[in-house]
Amino acid sequence: MSAPTHAERHGSSTLTPLDPDKLEVAPGIQHQGLQGWVPELASENEICEALEKAFDYRGDVTLTLKDGSKVEGYVFDRVAGASLATSFVRLIPKDSTQRLKISYTEIAALAFTGRDTAAGKSWEAWLRKYWKSKAKGEKNLGIQPESLE
């Protein structure tokens, strides 16, 4: 007995030929250049949107808290609650391994201050570097990632 095909699983009674080129091509996404951006945090919606972008950002952000202190680090988690009071971000400070939990209500300002570590990186760039190394006759083709410093 063989496994059912995709069409059989979804109840299709007619099998039509599939074009593999159309199936394999997915639209790419273009990441916004957020590095250096300091968003307005005037409304509740703007705060939520900016912190959602901070979560997706692949670099450090600086949060200025309402008590005047600043925290720079990587936002690795966020929870969007029913209100700002029940929403928070979790951040690893730049010079520490501790994890901070900061309520949205404590945040006065946000700045995308760190370098976006994935900006400009692509599979094509890695592949070009790989083939260039191979053409030089290099044996160790396990190309190492660049330093984040």
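The values are calculated or read from the model by the stated rules, or taken from the named source; none is laboratory data. Fair warning: this is a prediction, and the values are worked out from it, not measured in the lab. Using ideal geometry, Cβ is built from the backbone for each residue, glycine included, and neighbour counts are taken over all protein chains shown.
Observations, loosely collected:
- Qualifying residues in the stretch 89-131 (those that are assigned to a helix (DSSP H, G or I) and modelled with pLDDT of 85 or more) - the one surrounded by the fewest Cβ atoms within 10 Å (Cβ to Cβ): Thr105
- Applying the set (1) in a helix (DSSP H, G or I); (2) within 15 Å of Arg115 (Cα to Cα) to Ala85 leaves exactly one unmet item: (2).
- For Gly59: the one exception among (1) of a type in the set (Gly, Ala, Ser); (2) more than 21 Å from Ser43 (Cβ to Cβ); (3) crowded, with 16+ Cβ neighbours inside 10 Å; (4) more than 13 Å from the chain's Cα centre (by Cα): (4)
- Annotation note: Cβ proximity below 9 Å between a residue of the stretch 61-76 that is without any contact (Cβ under 8 Å) to a residue 12 or more places away in the chain and under 22 Å from Asp116 (Cα atoms) and a residue that is outside any loop (DSSP other than H, G, I, E, B) and of a type in the set (Ser, Thr, Tyr) (sequence gap 6+ or interchain) occurs for Lys70/Thr62; Lys70/Thr64.
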